[in-house]
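Chemist: This is the structure I want to talk about, given as structure tokens.
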Amino acid sequence: LVMMGFLILCNLCIAALMLGFNSCYGAPVELCSRHFHDKAAVDNSVNEAKALLASDISRVPIANRLVIMILFSRGFLSGGNQRSRLEYLRCSLLKLQQNLMVNTTADIFIWTLNASSVEQTMNIPDWLRSSQFSRTHVMTIPDSVWRVPCGLSDDSQWAARKHFDLDYYLMGRWRLTFSMDFAREMGYPYHLQFDDDAMLNGMLAYDIVQKLRNGSVQMGVFSDVIGEVAHLTLGLPELTRYWLKIRKYSPQGPLLRHMRPSDMNGLSSDGWDRLYHPGYFVIISLDFWFQPEVQDYLTTVMRSGRDIEGRWQEQAVQNMMRLVFIPEERLLVMNDVDIGHDRHKRENFQAWCVKTGLIAP
């Protein structure tokens, strides 16, 4: 019945698009996204990024560097809490330099929305243009990859919609697709997904790329384990069970240990423990990510549309992929990583950034 339901859903979506209908956020068909991957947009961004790196004096080839992808969407745009967000971003970048980039050669790309497309003013601070941040580059998100996918339900029906703005939902899809596509085309071996308000508070006294490569690591995660609320992962275990069934794929990771009962009968929204490692610090091997079976599973998730409608986001999807595809010996739980992540408490900023002397009071 589960498989039949998903097949019906997919067929209805395809039929609707063939007839020219679209219910995505009230947008006409030409303003929604028909594709999961936009090669032209990726190629254009890669060319722009390589031009920015042309003056790089590093002798370390891209194949031995870490790419750090920070999504800042509207952070440079005028209005709202821009000052606070810029303070957090600056401190976050300084901590990356202080605690990660001493031993690991890394390029940081900060991705922002096109100011003209959202009719706002772009304000990139002078400090970010200084030589102190020479390995940090601001990139514009292509308009074509920041659109609601065609064929989704009206956004008023999305899970937890009243608590999150549209950009939040698009963030997850962007991280699952464009961000990874860009990193692979650039030639990086590992992709660090990092939040603009995450603070790396402790030194990593090794080259991350070398350590992960030497251990054949497919994913590196922050050691914290958090439980997600049930209604924000609803349907993901059932869709995973459907994919495993039709592809005749045996889980390589500890999937069933996180189910009750600990067999395929437990692979359900009620049976999954919903424990995950946070999405604000995740290192992923591009070789792993683009394995055919991994991409096939991801495509199935995106065809369902529930990564957006159900607010699964990249966090739940990536953690389910970890359980399905990654043997425990290929997962690095980075117990030596000390991350702070809470922009809602000003006292944290004072402790992490002001009292440490990184940001002037």
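The values are calculated or read from the model by the stated rules, or taken from the named source; none is laboratory data. No experiment lies behind these values; they were computed from the predicted model shown. Here the Cβ positions follow ideal geometry from the backbone for every residue, glycine too, while neighbour counts run over all protein chains shown. Remember, those area values only see protein heavy atoms, side chains included, never the ligands or the DNA or RNA. Shrake-Rupley method; radii C 1.70, N 1.55, O 1.52, S 1.80 Å.
Chemist: Which value, in Å² and to the nearest 10, is the accessible area of residue 347 when all protein chains are kept and the probe is 1.4 Å?
Modeler: Number for this one is 120 Å².
Chemist: Counting Lys +1, Arg +1, Asp -1, Glu -1, what net charge surrounds residue 346 among other residues with beta carbon under 14 Å of its beta carbon?
Modeler: Once all neighbours under 14 Å are counted, the net charge is +1.
Chemist: Could you list the chymotrypsin sites (Phe, Trp or Tyr not before Pro) in the range 269-341 that lie in coil according to DSSP, counting only those with at most 15 other Cβ atoms within 10 Å of their Cβ?
Modeler: 290
Chemist: What length, rounded to one decimal in nm, is gained on full extension from residue 203 through to residue 333, with 0.36 nm per residue of separation minus their alpha-carbon distance?
Modeler: 45.2 nm
Chemist: Need one word for the range 232-329: rounded, prolate or oblate. Basis is the Cα gyration tensor (sqrt eigenvalues a ≥ b ≥ c); a/c below 1.5 gives rounded, then a/b vs b/c decides.
Modeler: The shape class here is rounded.
Chemist: Heavy atoms only, 1.4 Å probe, whole protein assembly: order 343, 260, 322 by accessible area, highest first.
Modeler: Sorted by accessible area, descending: 260, 343, 322.
Chemist: Can you list the aspartates and glutamates whose alpha carbon sits under 14 Å from that of residue 248, skipping same-chain ones fewer than 8 residues off?
Modeler: 293, 296
Chemist: Counting Lys +1, Arg +1, Asp -1, Glu -1, what net charge surrounds residue 71 among other residues with beta carbon under 14 Å of its beta carbon?
Modeler: -2
Chemist: Can you give me the Cα centroid spacing of the range 142-161 and the range 73-141 in angstrom?
Modeler: Here the two parts' Cα centres lie 26 Å apart.
Chemist: In degrees from 0 to 90, rounded to the nearest 10, what is the angle of the helix 2-18 Cα long axis to the longest principal axis of the chain?
Modeler: Its long axis makes an angle of about 70 degrees.
Chemist: If we sort 36-46, 180-190 on the protection proxy, mean other Cβ atoms within 10 Å, highest first, what's the order? Let's see the in-between values first.
Modeler: On the way: 36-46: 16.2, 180-190: 21.2.
Averaged packing, sorted descending, gives the order 180-190, 36-46.
Chemist: List the lysines whose Cα sits under 29 Å from the Cα of residue 39, skipping any in the same chain fewer than 8 residues away.
Modeler: The reachable lysines, counting only those whose Cα sits under 29 Å from residue 39, are 50.
Chemist: Starting from the residue with the highest accessible area, list 211, 162, 95 in decreasing order, probe 1.4 Å.
Modeler: Result, largest first: 162, 211, 95.
Chemist: Starting from the Cα-Cα distance between residue 124 and residue 160, subtract it from 0.36 nm times their residue separation and give me the gain in nm to one decimal.
Modeler: In short, 9.8 nm is gained.
Chemist: Another one. Below 11 angstrom from the Cβ of residue 203, what's the summed charge of the other residues (Lys, Arg +1; Asp, Glu -1)?
Modeler: Around residue 203, the charge tally is -1.
Chemist: For the chain, find the longest principal axis of its Cα atoms and tell me its angle to the long axis of helix 236-247, 0 to 90°, nearest 10.
Modeler: Approximately 70 degrees, to the nearest ten.
Chemist: Quick one: of 162/245; 95/211; 95/345, which pairs are farther than 24 Å apart, Cα to Cα? Don't jump to the answer; show the numbers that get you there.
Modeler: Numbers: 162/245 35 Å; 95/211 20 Å; 95/345 19 Å.
Those over the limit are 162/245.
Chemist: Hey, what number do you get for the chain at 222 nm if only DSSP H runs of n ≥ 4 count, each worth -39500 (n - 2.57), divided across all residues, to the nearest 500?
Modeler: It lands at -10500 deg cm²/dmol.
Chemist: Ignoring ligands, DNA and RNA, please state the percent of accessible area on the chain from carbon and sulfur, probe 1.4 Å.
Modeler: 52 percent
Chemist: Let me ask something else about it. Compute the relative contact order of the chain as a whole-number percentage, counting only Cα pairs closer than 8 Å that sit 6 or more residues apart in sequence.
Modeler: This gives 24 percent for the chain.
Chemist: Largest first, what is the accessible-area ranking of 164, 72 with a 1.4 Å probe?
Modeler: Result of the area sort, largest leading: 164, 72.
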